[in-house]
Amino acid sequence: MAKPREQLLFFRGIYEFEDPSGGLLAARVPQVGTADLFRDTVVLVRPNQCAMFVYEGKIAEILGEGTHRLENRNIPILTRLAGWKLSFQSPLRCDLWFFATNVFPARRWGTSHPVIHKFRSVGTVPIRAYGNLTVVLKDPETFYLNLVGSRTSYDITDLEAYLQGHILELLPQALQVVENITELNVLQDEVSQRLEELLKPVAERDGLEIRDIQVLSLLPSQEVLEALSAKTAMNLIGDKREYLLYKAANSLEGWEGSGSDPMQMMMGLMLGKGLFNMDYHEKERKALEPANRVTCTACSHPTEPGHRFCPNCGKEVNP
């Protein structure tokens, strides 16, 4: 019978909370059962922490940082709810929660799937985004009532998953500041500011403060990126036909020893042959045209040398 007595004497002493991982926002002490509060029981609240008593589902007292020796006069709400006076023999049993009020910086967020945004120049494009944000627990009572529930602890990773859902919902509205896809990365700061404006009221309803949202990357889908790269390359080369020949030549160079599909090679050969033939016939046609052929100014029909009137419209040709 000595062991339970030693355990009882231990819990009469000090209640405190340490988090070596640094990732807990809230934790109940002890995790199983209730806290037995005697007269002169000490609750040690460290810097960037606060403690809260919950009696029969009702929030009673919130203690700030410091060393609190419990007496009836310094926890009046709890003793009134319980109808109990602290003594050395009979404990007052309730839930004791500790909350971390320090800053949690550079917490990562990202879109689990693309969001659709309509650009003025190219229409609707799927966009992926990721970045960082800073979160602080400002109102432990609201946070406990809205998010903690019946858990014994609440981790920062749980909060990240909760916030990412809201970010995914609000990001399409924040992207409205971007009208052209070419401005997507230039306007990242403006998207960050708009997203922070939208997310702050949502977080405040749950007792949280959001600071310094950073959008580190805004990327369209891989297909859109490849199309933009192709458009840039074509603009640099200057001629669509020459660009297609360039692409066909590159595909043939990479085919040898790469295990590529023979059908793709055949299509590349056919494309190159067709383009070469088109280019050859165009040059041949221009070479066979008489140098002194005249074009009708009325209907633009070519007229053979020596003809005074257009064979198409009958009007006089002005050489």
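The values are calculated or read from the model by the stated rules, or taken from the named source; none is laboratory data. Computed from a prediction, not measured in an experiment: that's the story for all the values here. Counting neighbours? That spans all protein chains shown, and the Cβs are built from the backbone with ideal geometry, glycine included.
Scan segment 43-66 for residues that are small (Gly, Ala, Ser) and modelled with pLDDT of 90 or more and the total you get is 3. Across segment 194-206, the number of residues qualifying as surrounded by fewer than 14 Cβ atoms within 10 Å (Cβ to Cβ) and in contact (Cβ under 8 Å) with a residue 12 or more places away in the chain comes to 1.
Here the condition is being modelled with pLDDT under 85, surrounded by fewer than 19 Cβ atoms within 10 Å (Cβ to Cβ) and assigned to a strand (DSSP E or B); of 36, 40, it holds for 36 alone.
Counting only strands (runs of 3 or more DSSP E) that sit wholly inside segment 85-166, those with at least 3 residues that are in contact with a Pro (Cβ under 6 Å, 6 or more places away or on another chain) are 123-137. For segment 220-228, the criterion of being modelled with pLDDT of 60 or more and closer than 20 Å to residue 169 by Cα is met by at least one residue. Considering segment 172-193, the residues that are touching a residue at least 60 places away in the same chain (Cβ under 8 Å), not charged (D, E, K, R) and not in a helix (DSSP H, G or I) include one that is nearest to residue 120 (Cα to Cα), namely 180.
Given the conditions (1) over 17 Å from residue 102 (Cβ atoms); (2) assigned to a strand (DSSP E or B); (3) touching an Asp or Glu at 6+ places or on another chain (Cβ under 8 Å); (4) not hydroxyl-bearing (Ser, Thr, Tyr), and given that residue 50 satisfies all but one, which numbered condition is not satisfied? Answer for residue 50: the failing condition is (1). Somewhere in segment 109-118, is a residue of a type in the set (Gly, Ala, Ser) and either in contact with a helix residue (DSSP H, G or I) (Cβ under 6 Å, 6 or more places away or on another chain) or without any contact (Cβ under 8 Å) to a residue 12 or more places away in the chain (or both)? No.
A single entry from 257, 268 fulfils the requirement of being modelled with pLDDT under 60, crowded, with 17+ Cβ neighbours inside 10 Å, of a type outside the set (Asp, Glu) and over 30 Å from residue 145 (Cβ atoms): 268.
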